[in-house]
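For reference, the structure is listed below as structure tokens.
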Amino acid sequence: MSEDLTTEAAPAGDLGDVDWVARALALVPQIEAAADDIEKGRQVTDAVMAALHDQAMFKMLLPRSIGGGEATPMEYTKVMDVLGGADASTAWCLGQALGCSMASAYVDRDVALDVFGPKDAVLAWGPARGGAKAIAVDGGYQASGLWMFASGLPHATWVGGHSIVCDKDGEPSLDKDGKPVNRTMLMPISVAETIDVWHVLGLRGTGSNNYQVKDVFVAEAYTMWRDNTHEIREPGALYRIPILTAYGIGFTGIALGIARVMLDEFMKLALQKKAGGFSTTLSENAVIQSEVSQCFGRLSAARGYLFEMIESYWQTLSAGDAPSLKLRALLRTAISTAMLTSRDVADFAYHASGTNAIFEGSPFERRFRDIHTLTQQGQAHLSNFQFAGQALMGMVPPRRL
């Protein structure tokens, strides 16, 4: 499933002129070489993190007003495709942190520079487990809570805590529709306790552990909420993309990258491997030939449809228009379809490789576990098609697309 993504590496300088795909491609050999250590250590290695920071990869989606790249969503998903093929855990940590970094557009410039300005800045967050609360006090909030799935937490410099705002008696504050008011607390990593729970099937190197804080004061300026579009202070079209949608655009790129590499590696294997009892190679088997062709076609179609929808969505935003419900439904369909198609193609490559695929260190074993962990995430859930289908048939889905 080879695709020509090669371009010249961009020189250091203005991040607005960076070829992000070229930078990602240049990092692939180092990341591939470190993949086993990342897996065993259950976190991205310090050397790989240093390389990512040297190339300013974590600043790709930051506003240009604070020295960021403000890349397009197409650049974002292509970078995730490249790095996802090298090591899904590394790509996932970067993709998650890039989504988190879009919080920079919701806070004052001095706060954004404090959180995201340092070279090694990484914000990690995840959903609350139980009742994370932010008690309103003079000048801000007193935050307490436990949060999960904080990918990249071992190298995070800040954490975010999605919390329900409460009064001094602990009662939730309600908005005009009677729903609880939510805020995300931005807190330095030093105030958080990491709880090691990340012992999982795949994406082991993401270090997606739990974390908790207790009675931490957070100034109002260091809070935001991703659904409050009126808080966005940056004019760029990028920041009109809902953060959850941005995650989908990034994570689906990782899935495509995993499947792309697994199919490529299977085709190389098929030229050499002879199945038990056969004198011909797998590549000479008519069933294998047919399946390879179909997998290549399905993966290419899924990628092409995803790119088409991302481009339509981006053109709409860049023109200053709000994406229609139909367009949002089509993008959601493209994201989830590409993720599940990638899983199906990866499954073919794994099973067709036979026992070659089951050994650690093979091109298949870790990637097989990674893609099956990746597609357990909400962006690949089948309910996405239900809500998109409702929108396409003129209904208003109960969940925002």
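Below are the figures for this structure:
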{"item": "Nearest 10 degrees, 0 to 90: helix 365-374 Cα axis against the chain principal axis", "result": "40 degrees"}
{"item": "At q = 0.06 Å⁻¹, base-10 log of I(q)/I(0) for the chain (Debye sum, equal scatterers on each alpha carbon)", "result": "-0.24"}
{"item": "Highest-MSF residue in the chain out of Val261, Val28, Val181 [GNM, Cα springs under 10 Å]", "result": "Val181"}
{"item": "Mean residue ellipticity (222 nm) of the chain, computed from DSSP H runs ≥ 4 via -39,500 (n - 2.57), nearest 500", "result": "-15000 deg cm²/dmol"}
{"item": "Vicinal HN-Hα couplings computed from phi for the stretch 118-129 (Karplus, 6.51 cos²θ - 1.76 cosθ + 1.60; Hz; Gly/Pro x)", "result": "x, 4, 9, 5, 9, 9, 10, 7, x, x, 6, 10"}
{"item": "Along each principal axis, Cα extent of the stretch 123-227, largest first, Å", "result": "42, 27, 22"}
{"item": "Rounded to whole Å, sorted largest first: equivalent-ellipsoid semi-axes of the stretch 238-328, Cα gyration tensor", "result": "40, 12, 8"}
{"item": "Estimated inter-spin distance, Asp138 and Ser65, nm [label 7 Å along Cα→Cβ]", "result": "3.1 nm"}
{"item": "Between helix 20-41 and the chain: long-axis angle, C-alpha atoms, 0 to 90°, nearest 10", "result": "90 degrees"}
{"item": "Computed E for Thr280/Lys40 - FRET, C-beta separation, R0 41 angstrom, nearest 0.05", "result": "0.60"}
{"item": "Per principal axis, descending, Cα span of the stretch 64-169 in whole Å", "result": "50, 31, 22"}
{"item": "Exposed chymotrypsin sites (Phe, Trp or Tyr not before Pro) absent: longest stretch of the chain, with sites in DSSP loops and at most 11 other Cβ within 10 Å deemed exposed", "result": "1-277"}
{"item": "Shape parameters for the stretch 316-380, alpha-carbon atoms, Rg then Dmax in Å", "result": "16.8, 53"}
{"item": "Filtered GluC sites (Glu not before Pro), the stretch 26-108: DSSP coil and at most 11 other beta carbons within 10 Å", "result": "none"}
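Bear in mind that the values in this text are calculations on the coordinates, not laboratory data. Every value quoted in this text rests on a predicted model; they were computed, and no experiment measured them. Note that we place each Cβ from the backbone using ideal geometry, even for glycine, and neighbour counts take in every protein chain shown.
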